[in-house]
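Here's the structure, in structure tokens; my notes come after.
The values are calculated or read from the model by the stated rules, or taken from the named source; none is laboratory data. The shown structure was predicted, so the numbers you read here are calculated from the model rather than taken from an experiment. A quick note on method: Cβ atoms are made from the backbone with ideal geometry, for glycine too, and the neighbour counts reach across all protein chains shown. When the accessible area is computed, the model is the full protein with side chains, heavy atoms only, and any ligands, DNA or RNA have been set aside. Shrake-Rupley method; radii C 1.70, N 1.55, O 1.52, S 1.80 Å.
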Amino acid sequence: MSIYHVPVMQNECLEALQLRTGAVYVDATLGGAGHSQAMLKACPGIKLYCFDQDMDAIRHSSDVLKDFSDSAELIQANFSALRTELALRRVAGIDGILFDLGLSSHQIDETERGFSFDRDATLDMRMDQEQEYSALEAVNQLEVGELAKVIRSYSDELHALRIAKAIVAGRQDTQIRTTRELASIIETVVGSGTKESLKSKVRVFQAIRIHVNQELQVLEQALEDAIHLLNPGGRIVVMSYHSLEDRIVKNIFRDAAQGCKCPPKMIQCNCDAKQRLKLITRRPIEASANELAINNRARSAKLRVAEKIWGK
Ligand SMILES: C[S@@+](CC[C@H](N)C(=O)[O-])C[C@H]1O[C@@H](n2cnc3c(N)ncnc32)[C@H](O)[C@@H]1O
């Protein structure tokens, strides 16, 4: 049986969360339930709400967590609905939350999810299988300028405009339907068989995935909501795998840890911004050499931790 997903920096996450019996936690990105299971085993008296927008992750993890059905509740929803979903369950505050962003290995490995350019499948890339908009629509409907913007802003790909033009030319007569067709079109611009061309394909596929799932837009709001929900002393722990995600986390943590934003010359504060977080990690934690030796996926992971210091 193939492994669904190997949790990254599991010990570091557990340590950062400082679990306490009787307290309430959220795993915002359940995936294969690796982190959730570790939390429930490390501190059996917690209540844990687990979110994932992917039906398959919920199905798989409900089996993994079957022995914890009293303490864990699985919620199939985007973490953008954190406040609403917790309010529905009469949860007004939480004592810690973990975000382990991006895709699980299972999502990447499942050919028919259409996330990988080296597996031939219909273009899809939706994390939430009920969402209507997929990579098929993005690749076949976006105007050339929009496509170039998606590729450039989510991947820093140098040839963004040329690739966007090649995609638009490639769909002139018939739709671009598969990952392999899209990969071949990218190759007409960047070539094939070199390290650089491989990197370009990775970048373009990743940019389209971020766009399809609106990953960065959803993250900003969810982090603000999570900070709002945290009880004083509660920890927010975020692991990201992409520099744009990490920048969002860093900026939101920094703003919440700053408090008053009035210019230094002002004698009295009139912005009313209060410091809400204390930074626990000034620089992100990275996976140890031991972990990197056994889990290649951990190589780009950056873990940031902050603690709530002020009430709702
Ligand atoms: C890296 S995996 C998490 C792996 C998990 N920590 C484990 O130990 O197995 C990320 C998971 O988060 C989910 N996800 C990503 N963005 C999401 C969002 N905005 N809302 C809900 N789930 C999301 C993905 O579907 C995926 O299953």
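Listed values, structure above:
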quantity: Where trypsin sites (Lys or Arg not before Pro) fall in DSSP loop in segment 276-307, at most 12 other Cβ within 10 Å; calculated: ARG282
quantity: Whole-Å semi-axes of the ellipsoid equivalent to segment 132-212 (Cα gyration tensor, √5λ, descending); calculated: 17, 14, 12
quantity: Three semi-axes of the equivalent ellipsoid, segment 242-281, Cα gyration tensor, whole Å, largest first; calculated: 25, 11, 7
quantity: Given 14 as the ceiling on other Cβ atoms within 10 Å, longest exposed-site-free region of the chain for GluC sites (Glu not before Pro) in DSSP loops; calculated: 144-312
quantity: 5 angstrom amide H check on ILE94, placed H, neighbours 5+ away; calculated: LEU230, ASN231
quantity: Ratio of the Cα radius of gyration of the chain to 2.2 N^0.38 Å, where N counts its residues; calculated: 1.07
quantity: For segment 119-126, 3J(HN,Hα) per residue [Karplus equation, 6.51 cos²θ - 1.76 cosθ + 1.60, θ = phi - 60°, Hz, x = Gly/Pro]; calculated: 10, 7, 7, 5, 4, 9, 6, 7
quantity: Apportionment of accessible area to carbon and sulfur, the chain, percent (1.4 Å); calculated: 49 percent
quantity: Simple label model, 7 Å out from Cα along Cβ direction - LEU198 to ARG59, nm; calculated: 3.3 nm
quantity: Å² of accessible area per residue within the chain, as computed with a 1.4 Å probe and no ligands counted; calculated: 50 Å²
quantity: Cα Rg, Dmax, segment 187-312, angstrom units; calculated: 19.0, 63
quantity: ³J(HN,Hα) computed for each position of segment 98-107 - Karplus, 6.51 cos²θ - 1.76 cosθ + 1.60, integer Hz, glycine/proline x; calculated: 10, 10, 10, 6, x, 9, 7, 4, 4, 4
quantity: Lysines with Cα under 25 Å of LYS261, excluding same-chain neighbours fewer than 8 positions away; calculated: LYS250, LYS274, LYS278, LYS308, LYS312
